[in-house]
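Only one structure is covered here, and it is reproduced in the block below.
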Amino acid sequence: MILSIESSCDDSSIAITRLSDKKLLFHRKISQEEEHSVYGGVVPELAARLHAVALPKILEETKHFFKELKAVAVTNEPGLAVSLVEGVVMAKALCVSLSLPLLPINHLKGHIYSLFLEQPTKFPMDILLVSGGHTEVLHVKDYDKIEILATTLDDSFGESFDKVAKMLGLGYPGGPIVERYAKDGDSSRFKFTIPLHNSPKLAFSYSGLKNQVRLEIEKQQNLDEKTKSDICASFQKTAVEHLMQKLKKAYKNTSIKNFGVVGGASANLYLREKLEKFCLEKHTSLHMAPLKYCSDNAAMIGRCGVDAYKLGKFINIGKIEIYPKSKEFIKV
Ligand code: KG4
Ligand code: ZN
């Protein structure tokens, strides 16, 4: 079995995954959303302190698996440095005390493997990764070969939901709240411009859209619940339309073998609906992670760890480093 640890942002999570059949045997996650919501976003120093309390608490529940462990997998990039450190230090201590090898795991690769928690691995696959820190279109050939086809020039897709929610005073994390408000809203009331609409660039940009929303909020005399819903619906429609326009551009003349969507924001049902239509038109199958594994979790890190173990991706505990920015993928 593999014990995996995830602490890259504001979720403390540990999982146990069986190597022989990749089965998830244990998974627990303690989210810090409530603690950060008063600040309207993640406070790194607070996140680190909360990980230091939550991780040992979860680890306690996994003790009966210790004798059967073959390795420890831990997220070491990308993420908040002070948060990553908490998981990595715990992983190192476990490796020393239980004489186990260490597997460093890229968090974004972990998100990709969330697709294979309940279905077999399928490569090559094209992936849309939408989270709080990333908006990327990836071509994944295998564990080691991942090309970035498009990325964001500024804010990420999930981050723009968080910022809109903050501006409307709706709380944190913004994604699920904005989606909920948007459900009852009129998406045609506010006409936001689709970012990079006329640009040939294969890239994303969300900071301009966020500013359009800010200006619209400032114009409102009465920011009642109906107006908030209409702003959320109009924003969500534009944010998703931007994604869809660039995806259509990226794959205009190419067929897609398999298409997957991952990351915390892939839980957005409006986005899922649009992707379903896109994949139907492209005659490709759409792969989506179960909703409970979209946001950060150690189950996906453990599943990725199984492949890392089989490929022998071990690192000396004295050599593991923390990379706040992903160093692994290749830009094409
Ligand atoms: O993958 P994740 O849990 O953490 C990072 O790796 O960043 O993603 C969290 C992000 C947050 O920005 C959150 O607001 C967004 O995903 N998110 C959503 C939804 N659920 C979570 N964004 C849009 N719609 C949602 N339903
Ligand atoms: Zn994530």
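Structure above, values below:
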read-out	value
Cα long-axis angle, helix 174-183 against the chain (0 to 90 degrees, to the nearest 10)	40 degrees
Two-site label geometry, SER37 and LYS67: point separation in nm, points 7 Å out along Cα→Cβ	4.3 nm
Protection-proxy order for peptides 301-308, 50-57, each taking the mean of Cβ atoms within 10 Å per residue, highest first	301-308, 50-57
Accessible surface, the chain, averaged per residue in Å² (probe 1.4 Å)	44 Å²
Whole-Å semi-axes of the chain's equivalent ellipsoid (Cα gyration tensor)	35, 24, 16
From the C-alpha gyration tensor of the range 125-288, square roots of 5λ in Å	29, 15, 14
Estimated inter-spin distance, SER97 and GLU225, nm [label 7 Å along Cα→Cβ]	5.0 nm
Share, in percent, of DSSP beta bridges within the chain that are antiparallel, nearest 5	55 percent
Rounded to 5, the percent of DSSP beta bridges in the range 125-288 classed as antiparallel	55 percent
Label point distance in nm, TYR270-LYS201, each placed 7 Å from Cα along Cα→Cβ	2.4 nm
Contour excess over end-to-end distance, with Cα ends at LEU291 and LYS277 and 0.36 nm allotted per residue	3.1 nm
For q = 0.08, 0.12 Å⁻¹, Debye-computed log10 I/I(0) when each Cα of the range 48-193 counts as one equal scatterer	-0.34, -0.73
Principal-axis tilt of helix 298-310 within the chain, Cα atoms, nearest 10 degrees	50 degrees
Calculated FRET efficiency for the pair LEU311/LYS183, C-beta based, R₀ 41 Å, to 0.05	0.45
Long-range HN-HN contacts of LEU25 with modeled amide H, under 5 Å	ILE16, THR17, ARG18
Principal-axis tilt of helix 44-60 within the chain, Cα atoms, nearest 10 degrees	50 degrees
Selected from ALA299, GLN221, SER188, residue furthest toward positive end of dipole (the chain; charges at beta carbon)	ALA299
The range 156-253 - convex hull of the alpha-carbon atoms, volume per residue in Å³	93 Å³
Carbon + sulfur, % of accessible area of the chain - ligands and nucleic acids excluded, 1.4 Å	53 percent
Length gained when the stretch MET244-GLU45 is fully extended (0.36 nm per residue, less Cα-Cα span)	68.0 nm
P(r), alpha carbons of the range 210-272 - 5 Å bins starting at zero, rounded %	3, 13, 19, 20, 16, 11, 8, 5, 3, 1
Calculated SAXS-style log₁₀ I(q)/I(0) at q = 0.19 Å⁻¹ - the range 1-121, Debye, Cα scatterers	-1.03
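The values are calculated or read from the model by the stated rules, or taken from the named source; none is laboratory data. Everything numeric here is computed off the predicted structure, so don't read it as measured data. No Cβ is skipped: glycine too gets one built from the backbone with ideal geometry, and neighbour counts run over all protein chains shown. Heavy atoms of the whole protein, side chains included, go into the accessibility calculation; ligands, DNA and RNA do not. Shrake-Rupley method; radii C 1.70, N 1.55, O 1.52, S 1.80 Å.
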